[in-house]
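As structure tokens, the structure follows; a few thoughts come after it.
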Amino acid sequence: MDKVKEFKVVNKSVDKIDSMQLALGKPSFVADLVPEDALIIKMLGSPHSHARITSIDTSAAEAMPGVHCVLCHENSPRHLHLTAGQGYPEPSPYDTAVFDYKVRHVGDRVAAVAAETAEIAEAALEKIEVEYEVLEPVLSIEEALRDGSPVIHDEPDVSHPLPVPFQPEKNIVSEVGMKEGDLDHEMETADYTFDHFYETPYAQHVPIETHVSFAYLDAADRVVIVTSTQVPFHCRRIVAQALGMDVKKFRVIKPRIGGGFGSKQEMLLEDVCALMALRTRRCCFWQLTREENFRYGRTRHPINFRLRTAMTAEGVLTGIGMEAVCNTGAYGGHGLPVVGCCGSKVLPLYRWKHIDFDAKVVYTNLPVGGAYRGFGATQAYFALESQLDEMGHAIGMDPVEMRLKNHIQEGEGSPVFAALGEGKAGVEMTIGSCGLSECIKLGAEEIGWGRRTLPEEKTGRYRRGLGLATLMQGSSIPEIDMGAASIKMNEDGSFNLLFGATDLGTGADTVLAQIAAEELGTTVDMMLVYACDTDLTPFDVGAYASSTTYLSGEAVRKAAAKVKAQILGVAAEMMNKPIDELTVRDANVVAADGSEVTFSAVAVYSLYERNQFQIMDVASHITHKSPPPFSAHYVDVVVDTFTGKVKVEKYVAAIDCGTAINPKLAEGQTEGAVMNGVSYAICEEYLFDSKGRMTNANMQDYHIHSLRDKPKIKTILVPSYEDTGPFGAKSVSEISINGAAPAIGNAIFNATGARLRRFPFTPERVWRAIREQSTVPSPSPEAVLSI
Amino acid sequence: MRFVDFLIPETLDEARAALEALGDRGYAFAGGTAFQYVSDRPGATAVDITRLGLRGIDQTDGGFRVGATTTLTDLVRYQADGWVLDRVATRIPTHQVRNVSTVGGNISRLFPWSDLPLALLVLEGGVVISDGEEQTHAALEFFTAQPLNRFGHGDLVTAVTLPAVSPPLGFGFKKENITNAAFALMTGAAAITLDGERLAKVRLAANGALAVPQRLTAVEDALEGRAADPSLFAGAVEDGIGGLDWRGREGMSDEFARHLGGVILCDVLEQALQAAKGEAE
Amino acid sequence: MSVEKAIRIQLNGESREFNVTAGESLLALLRRSGLTGTKRGCEDGACGSCTVIMDGAAVNACITFAFQAHEREVWTIESIGEYDDPSPLQKAMVEEAGVQCGFCIPGIVMSVKALLDEIPNPTHEQILENLDGNYCRCTGYEKIEDALHRTIAETSGEEPQWTR
């Protein structure tokens, strides 16, 4: 493809196409669309972290007037499956039943009731008598790996669809690793070496809309599932698998999604809604309460790291050893792909010669890890970028210079790309576009990096600190993900654009419409977008892995190019001119001599006049690369050294996402990810009691930032051009959640000299770190000068 | 709390009669924003007391009388010399809650996060209760136990009173929380009356890191009569708060709660001293 | 057993009678009456996506009992703007890209309306105070602030006191 850099529709901030509908409050979300007479589903969640159900009596609940169906393990099909929405066969275990005879975390499914009203359903839940044999729970990574630890998945039918090292008898979901060079030797001989442990917390996406679905039987006796999902096609496949039925029985429709961030890359309610609809022949509606959303919904995987690094006295990075142990909670979910991304999206950022990567995923009796924006990279960047800051400090090198000197550049590859894939090897890749150096320089200017002083120069109660983190992510999963789109022309020159990709609030529908309109030579208002409905729209893996713009966008562009060729063909016949003299411009076909016909005339001709046919085509796309977007994040914080309270005053994110198809939406993705990252770094964490029960499962006690808490956020889009993406685009949605924890941690160090290797940076953690640091000489004693 | 019935009386007498008749089942209900934290009782009936003419702020001789169903937003928006409750109310989250939550509700049922009681305690305000006739109780007396326990059936808080604050009286208030909308980790309030260069009167109270709002009389006693010198605060606070039952919230330790308590109390004493001296913050 | 009683609400400018139980929230009443623009986010009074205006003030419909609205004026998002006549804030939200998933937006529109009806040109502190109960998880609030700033300039006819 030519490097077209002058665009008419692309790279313009056109209005998000569904935004007026949403701003007016029109019925748009699943709960707005439920038929009035739907039965209401309520779930009985487990009170125990780990227990076997020895008896369950639902007869009293079933006998209640208004109760239509009670489901539990005794009357539901058992086909073990995976709730995570991933390419098939998945890199994750089949360890979940619709209802099981064992519960593995507090809030796990025990039974569900469908009744005429929510009140009746709740009253019925109280009538279900369950006896549990309470088992010893496994509440940490260390306990999970201890010899003789209770086995969480001891069911005989648990299995794994791929040949990966799955060892449920040891609570190990999987292991993955790679080696390059000779790290052990490097650690012995390098000028400087570093070796630290880092921990990241349980946290949640907290979309404002909780999980919500309804299902009904249509007149043809098929099950229609309307659900807030990022993965409609995976959802259809998993529901069929879980219920032991054919895919053709199900139709999944995704209306607007009230926020996902990865949480809705999961089949969480739909199997029960479908089964209830089949049993009752009524529409059955289920929405999680906020408390259930915390307990039963998915989380970010907590990961413990040991990070070893080596460098020369001149600050050239030479060796890295990352050991990551990932807690996936009670079910395998996205554990392996997440921990894989700790390596694949993180290690290639710098030019290490010696690499050891060794990662493990373990089960515990805690909430279930899922996909969450950043997907492992978020956790690993905390470790890497924190340590890099220490490395620079040890030799007195500015963090900016440290990164400019070592980051990957255009035309360079990394052995990591080929080594690490999803449940199999990855795909070799060289970097086609990289604006990171410019991101680093522009960000430094915007934050005022020049005024940065060293911690030992600061005095007083309130101390200001500046911090930096640099980042990369990917764009789609190469040679695994597929997206497809179809385009159909109407007689007024408008087009129906259908695809399986799912806009979860990101603006993907708008971005894909812009790509189609650019290729077709028309405007966004002529694109009628419909997505997603598994009966009507072509397949797409769904909204994850930063794939929609780059992967589905290219499918849309290819479909548009094919439709454009058909339009030109019809116009050639109408105008009696050779097709190669014709081009499209402003919804017209224009000939070399200046004569033109309108798109509308072309469509009318094709539909009604001569040689009639439907101008329409479909295209699919897979990628052979996962080109990384790059970003530099700077933060300016003030620490109250008496209370430990950290106030983030300003945040700068400079990002290279290739061509920004819609700059304002790209900024919005960046700002939203930054804000989520800041909130995660400062205050978000699950708190548990000694039995593994979350104690802050509501939005009063699990905190996310409001407008009153936010720092000023400045986004700088740094253009580059990715040849393999639609009109030069790469991804933008995930990368910017990765920066806040390390950048703020580095800023706290810069302010106080205290290094935190665990967050959120709550007042107590910061206060303790400051207190401990004041007895320790600087620089950090772990920085060992080995020659 | 789930109610099975509700009543919407239009006069104070009607409301009192209804509450008296309902006895234990009756709940005086205003903004209702805290009722989600109250445990269910069978047969509970809400008696809406927001239409009884109890909303509004009046200036009295040397102070203010604030009607019981005056909202927290009313406190924020009110402007008058010597008015300080705006500073307290603006730190009670969120704007939707402040719009309906009332002064009476905020003081009648004490939670660790109750903020207005701290201000009334240090400013030695009063709480007006009507059992047909109005009686004013000193805040200190009112808040020594859960206030609801002292109400007879049919008794209602109708107003609170507090002084206008101007030098030589100064007021300080500070709340530390994880986010602006979070419950308090620690809230402190102080009032200092100066007599020349001496601390004539010191009132200090804390909540958030304690179970309920408390006056810290040991610190007050240690400071009263001494020089108006902020460097004395840390020592007096440190010596005076050790015996209290400090409670870490939001995953924080009790040890940290005590530390944070000390820092915030010094901060509010400094604020109050500065204000008492008539210096702008 | 809960008693059902009739209440009367001046709802979006129209006097309407409803039978409600003591336990029914205003949110539940609105949504079962077809006014689904008011969203259910937390049912805990924390997230603000159910914000409506009652007697001029923004309130959380989820922790407001329906009976509290008896003989009061309640305005919901359905009363604010239409495709052919959006409110200035709705138009600015669209044009400044303040809407991502959009689930929180009706609540934010209502909070801002209540604020600007009372204080047409608020200070920054007043804005922060009066939007502290509306969570948005998508936007990072920057584009919402852009839209709000523009709306204040347009509707107050003055230079906003709050400088961005």
Notebook entry, point to check: For region C:126-164, what are the residues that are open to solvent by 40 Å² or more (accessible area, probe 1.4 Å) and within 14 Å of chain B (Cβ to nearest Cβ)?
Noted result: C:Gln126
Next item on the list: Tell me, yes or no, whether region A:69-82 has at least one residue that is assigned by TED's automatic domain parsing to the domain that holds A:Val239, within 25 Å of the chain's Cα centre (by Cα) and open to solvent by less than 10 Å² (accessible area, probe 1.4 Å).
Entry: yes
Margin query: Being of a type in the set (D, E, K, R), in a loop (DSSP other than H, G, I, E, B), surrounded by fewer than 24 Cβ atoms within 10 Å (Cβ to Cβ) and within 9 Å of chain A (Cβ to nearest Cβ) is the requirement here; does C:Asp44 meet it?
Written below: yes
Checklist line | Scope region A:669-699; condition within 11 Å of chain C (Cβ to nearest Cβ), within 16 Å of the chain's Cα centre (by Cα) and of a type outside the set (A, V, I, L, M, F, W, C); matching residues | finding: A:Gln669, A:Thr670, A:Glu671, A:Gly672, A:Asn676, A:Gly677
Note to self: Against the conditions (1) closer than 23 Å to A:Gly677 by Cβ; (2) in a loop (DSSP other than H, G, I, E, B), where does A:Leu468 fall short? Just the number, please.
What the structure shows: (2)
Check: Only one of C:Ala114, C:Ala92, C:Ala58, C:Ala66 is more than 23 Å from A:Phe29 (Cβ to Cβ) and among the hydrophobic types (A, V, I, L, M, F, W, C); which?
Finding: C:Ala114
Next item on the list: Tell me, please, whether a residue that is in the same structural domain as A:Tyr550 (by TED's automatic domain parsing), part of a loop (DSSP other than H, G, I, E, B) and buried (at least 17 other Cβ atoms within 10 Å of the Cβ) can be found in region A:604-619.
Entry: yes
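Specify the residue that is farthest from A:Ile515 (Cα to Cα); the eligible residues are those in region A:700-723 that are more than 14 Å from chain C (Cβ to nearest Cβ) and buried (at least 21 other Cβ atoms within 10 Å of the Cβ). First the steps, then the outcome.
The initial filter retains those residues of region A:700-723 that are more than 14 Å from chain C (Cβ to nearest Cβ), namely A:718-723.
Then keep just the ones that are buried (at least 21 other Cβ atoms within 10 Å of the Cβ); that gives A:718, A:720, A:722.
On the way: A:Val718: 20, A:Ser720: 17, A:Glu722: 15 Å.
Filtering region A:700-723 for residues that are more than 14 Å from chain C (Cβ to nearest Cβ) and buried (at least 21 other Cβ atoms within 10 Å of the Cβ), the one farthest from A:Ile515 (Cα to Cα) comes out as A:Val718.
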Margin query: Take the residues in region C:95-125 that are more than 21 Å from C:Trp75 (Cβ to Cβ) and outside any loop (DSSP other than H, G, I, E, B); name whichever of them is farthest from the other protein chains (Cβ to nearest Cβ).
Written below: C:His124
Notebook entry, point to check: So A:Thr659 fits all but one of (1) free of Cβ contacts under 8 Å to residues at least 12 places away in the same chain; (2) in contact with a helix residue (DSSP H, G or I) (Cβ under 8 Å, 6 or more places away or on another chain); (3) away from chain C (no Cβ under 14 Å); what number is the exception?
Noted result: (1)
Check: When you look at A:Ala501, is it among the small types (Gly, Ala, Ser), part of a helix (DSSP H, G or I) and closer than 30 Å to A:Leu568 by Cα, yes or no?
Finding: no
Next item on the list: Could you check, for region B:125-142, whether at least one of its residues is outside the structural domain of B:Cys266 (by TED's automatic domain parsing), closer than 23 Å to B:Thr217 by Cα, open to solvent by less than 40 Å² (accessible area, probe 1.4 Å) and of a type in the set (Val, Ile, Thr)?
Entry: yes
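Tally the residues that are within 14 Å of chain C (Cβ to nearest Cβ) and under 11 Å from A:Thr534 (Cβ atoms), restricting the search to region A:233-264.
Selection size over region A:233-264: 1.
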Next item on the list: Please specify each residue of region A:237-272 satisfying the condition of being closer than 22 Å to A:Ala111 by Cα, in contact (Cβ under 8 Å) with a residue 12 or more places away in the chain and surrounded by fewer than 24 Cβ atoms within 10 Å (Cβ to Cβ).
Entry: A:Gln241, A:Leu243, A:Gly244
Checklist line | Selection within region C:47-67 - open to solvent by 10 Å² or more (accessible area, probe 1.4 Å) and at the interface with another protein chain (Cβ under 7 Å from one of its Cβ atoms) | finding: C:Ala57, C:Ile63, C:Phe65
Check: C:Glu78 passes all but one of (1) closer than 26 Å to B:Val100 by Cβ; (2) within 9 Å of chain A (Cβ to nearest Cβ); (3) surrounded by fewer than 18 Cβ atoms within 10 Å (Cβ to Cβ); which number fails?
Finding: (3)
Checklist line | Filter result (open to solvent by 10 Å² or more (accessible area, probe 1.4 Å) and small (Gly, Ala, Ser)) within region A:297-315 | finding: A:Ala313
Item checked: Options A:Ala84, A:Ala51, A:Ala112; residue that is more than 14 Å from every other protein chain (Cβ to nearest Cβ) and touching a helix residue (DSSP H, G or I) at 6+ places or on another chain (Cβ under 8 Å) -> A:Ala112
Note to self: For a quick check of your reading: which strands (runs of 3 or more DSSP E) sit entirely within region B:140-208 and have at least 3 residues that are under 24 Å from B:Glu279 (Cα atoms)?
What the structure shows: B:169-177, B:184-195, B:198-207
Notebook entry, point to check: For region C:131-158, which residues satisfy the criterion of being in a loop (DSSP other than H, G, I, E, B) and touching a helix residue (DSSP H, G or I) at 6+ places or on another chain (Cβ under 7 Å)?
Noted result: C:Leu131, C:Asp132, C:Gly133, C:Asn134, C:Cys136, C:Arg137, C:Cys138, C:Thr139, C:Gly140, C:Tyr141
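From the list A:Glu554, A:Glu518, which one is within 13 Å of A:Ala485 (Cβ to Cβ), in a helix (DSSP H, G or I) and under 32 Å from the mean Cα position of the chain (by Cα)? Don't jump to the end; show me each part of the working.
Numbers: A:Glu518 fails: within 13 Å of A:Ala485 (Cβ to Cβ).
Of A:Glu554, A:Glu518, the one residue that is within 13 Å of A:Ala485 (Cβ to Cβ), in a helix (DSSP H, G or I) and under 32 Å from the mean Cα position of the chain (by Cα) is A:Glu554.
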Checklist line | Flag if B:Gln79 is farther than 19 Å from B:Arg150 by Cα, more than 14 Å from chain C (Cβ to nearest Cβ), surrounded by fewer than 24 Cβ atoms within 10 Å (Cβ to Cβ) and at pLDDT 95 or above | finding: no
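May I ask you to say which residue of A:Val346, A:Val362 is within 30 Å of A:Asp95 (Cβ to Cβ), buried (at least 19 other Cβ atoms within 10 Å of the Cβ) and in contact with a Phe, Trp or Tyr (Cβ under 7 Å, 6 or more places away or on another chain)? If you could, list the steps in order and put the result at the bottom.
Details: A:Val362 fails: in contact with a Phe, Trp or Tyr (Cβ under 7 Å, 6 or more places away or on another chain).
Residue meeting the stated conditions: A:Val346.
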Checklist line | Residues that are of a type outside the set (A, V, I, L, M), buried (at least 20 other Cβ atoms within 10 Å of the Cβ) and away from chain A (no Cβ under 14 Å), drawn from region B:169-201 | finding: B:Gly170, B:Phe171, B:Gly172, B:Phe173
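In this structure, does B:Gly26 turn out to be away from chain C (no Cβ under 12 Å) and either of a type in the set (Val, Ile, Thr) or exposed (fewer than 13 other Cβ atoms within 10 Å of the Cβ) (or both)?
Values: away from chain C (no Cβ under 12 Å): yes; either of a type in the set (Val, Ile, Thr) or exposed (fewer than 13 other Cβ atoms within 10 Å of the Cβ) (or both): no.
Answer is no for this residue.
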Next item on the list: Being in contact with a Ser or Thr (Cβ under 8 Å, 6 or more places away or on another chain) and closer than 17 Å to B:His137 by Cβ is the filter; apply it to region B:106-117 and report the residue that is surrounded by the most Cβ atoms within 10 Å (Cβ to Cβ).
Entry: B:Asn106
Next item on the list: Examine region A:91-102 for a residue that is polar (S, T, N, Q) and either surrounded by 20 or more Cβ atoms within 10 Å (Cβ to Cβ) or closer than 18 Å to A:Thr54 by Cβ (or both), and state whether such a residue exists.
Entry: yes
Margin query: Anything in region B:39-68 that is open to solvent by 10 Å² or more (accessible area, probe 1.4 Å) and within 12 Å of another protein chain (Cβ to nearest Cβ)? List them, or say none.
Written below: B:Asp40, B:Pro42, B:Gly43, B:Ile49, B:Thr50, B:Arg51, B:Arg55
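The values are calculated or read from the model by the stated rules, or taken from the named source; none is laboratory data. As the structure is a computational prediction, the values presented were derived from the model and not from experiment. FYI the Cβ positions are ideal-geometry reconstructions off the backbone, even for glycines, and counts take in every protein chain you see. Side chains included, ligands, DNA and RNA excluded: accessible areas come from the protein's heavy atoms. Shrake-Rupley method; radii C 1.70, N 1.55, O 1.52, S 1.80 Å.
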